[in-house]
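The values are calculated or read from the model by the stated rules, or taken from the named source; none is laboratory data. Bear in mind that the values here come from a model prediction, so they are computed numbers and not experimental data. All Cβ positions, glycine included, derive from the backbone under ideal geometry; neighbour counts span all protein chains shown. For accessibility, only protein heavy atoms count, side chains too; no ligands or nucleic acids. Shrake-Rupley method; radii C 1.70, N 1.55, O 1.52, S 1.80 Å.
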Amino acid sequence: MPSIIHRPPWHLPDNAATDEDVFFNRRDFLKAMGIGGMMAGGFSPPSSAQEIKATANLPLRHFIRNPRFADVGRPITEEFVGITFNNFWEFTYDKAVVRAVKDFNLDPYTLTIDGLVEKPLKLDLNDIEKLGYEERIYRFRCVETWSMTVPWLGVPLAKLVKIAKPTSAAKYVAFKSFYDPKVAPNQLETRYKWPYHEGLRMDEAMNEMGFVATGAYGRRLRPQSGTPLRIVVPWKYGYKGPKSVVQMTFVDKQPSTLWSAALPGEYPFYSNVDPQSPHPRWSQATEKFIRDKANLDDIEARPTQWYNGYEEFVGHMYKDMPRKLF
Ligand SMILES: Nc1nc2c(c(=O)[nH]1)N[C@H]1C(S)=C(S)[C@@H](COP(=O)(O)O)O[C@H]1N2
Ligand SMILES: [Mo]
């Protein structure tokens, strides 16, 4: 363990994330039925717990929680909400992704790593997980102003970058999600440049906070959460973390991203969480933390934290950058 104790800006320890026994049953389901009408456009939960169970991919894994990323000063969002309130635009523009994804999977899965690397690689999930599998509790902040706390399982992104052996010409890494309009019909729409694609600067990809999640809540990622592999960069808005990634390409120029290509004035490349940089259509000064119900109208707004609370880990990377780039 590193000897430097990072003092996170949030409050410790009386409201620490708990080691809850998270499970999935009828009672939780009924409780979550209380989440009617939360977003514009409305949300209706799946018609039965069975419907969700049918899509779940449930092997329990052995893992240890990394103590460096165990406490975020808030409880872990209940699993039921984390897997029924989602964004996955390839499938649907509302939050009930769980009903639209059905048994979506990318089996047999291969992650292609190419571009400016010593030698292109093709890895399966096992190759990736054996680089060092751990649990990390991270804050999660969507640009839409809701937030959660998620217990991710997976591998530090820096470890994956290292085995990819990028050459010195590589300055950025570009991620590409799956493309299959037969299962994800919104990919036929031309207003966005599918597949979903995102990118990070090389130092961001090497930062110790960057994570490659292949699981959450003690289980492999469910379809709606971005099966079988997604990128997690918790100091940035949620859209910087692509789901169901199939390709990682090292490049020398800042790569295009789906959201910045569609709406450059709204979703810039960096997109670090910043309470003082409003989205052109709404403030980012506060957020609504979803703990056990996604009824946003009833949740009290609380202050947004600079870099989503991770300034100590990531702030040094942006010291010389004008804030409006964020
Ligand atoms: N491929 C893909 N990745 C994606 C998205 C998407 O629509 N497609 N949405 C992003 C956004 S805006 C958010 S907030 C998170 C949502 O993750 P969650 O549904 O697991 O909370 O995924 C991000 N990654
Ligand atoms: Mo988001």
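Key figures for this structure:
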{"quantity": "Kirkwood hydrodynamic radius over Cα pairs of the stretch 209-284, then Stokes diffusion coefficient at 25 °C and 0.890 mPa s, in µm²/s", "calculated": "175"}
{"quantity": "Given charges at Cβ of Lys, Arg, Asp, Glu: the stretch 164-237 dipole, positive-most of TYR172, VAL232, GLN187", "calculated": "GLN187"}
{"quantity": "Rounded FRET efficiency, nearest 0.05, which uses the C-beta distance separating LEU263 from LYS182 and R0 of 25 Å", "calculated": "0.40"}
{"quantity": "Rounded to whole Å, sorted largest first: equivalent-ellipsoid semi-axes of the stretch 200-326, Cα gyration tensor", "calculated": "22, 22, 15"}
{"quantity": "For the stretch 178-275, size of Cβ-based charge dipole, Lys and Arg +1, Asp and Glu -1, in debye", "calculated": "420"}
{"quantity": "Accessible solvent surface per residue of the stretch 166-218, calculated while the other protein chains remain in place, 1.4 angstrom probe, Å²", "calculated": "41"}
{"quantity": "Rounded to the nearest 20 debye, dipole of the stretch 152-217 from Cβ charges on Lys, Arg, Asp, Glu", "calculated": "200"}
{"quantity": "Partner aspartates and glutamates for LYS162 [C-alpha distance under 16 Å; skip if fewer than 8 residues away on the same chain]", "calculated": "ASP114, GLU118, ASP127, GLU129, ASP203, GLU204, GLU208"}
{"quantity": "Whichever lysines have a C-alpha closer than 26 Å to that of LYS95, once near sequence neighbours (fewer than 8 apart) are set aside", "calculated": "LYS31, LYS53, LYS176, LYS182, LYS193, LYS236, LYS240, LYS243, LYS288, LYS293"}
{"quantity": "Contour excess over end-to-end distance, with Cα ends at SER277 and LYS193 and 0.36 nm allotted per residue", "calculated": "27.6 nm"}
{"quantity": "Kirkwood estimate for the stretch 147-240, i.e. one over the average of 1/r between Cα atoms, Å", "calculated": "14.6"}
{"quantity": "DSSP-loop chymotrypsin sites (Phe, Trp or Tyr not before Pro) across the stretch 80-139, with at most 14 other Cβ within 10 angstrom", "calculated": "TYR93"}
{"quantity": "Estimated distance in nm for a label pair at ILE64 and LYS319, the labels positioned 7 Å out from Cα along Cα-to-Cβ", "calculated": "3.3"}
{"quantity": "Per-residue SASA entry for HIS316, accessible area with 1.4 Å probe, Å² rounded to 10", "calculated": "110"}
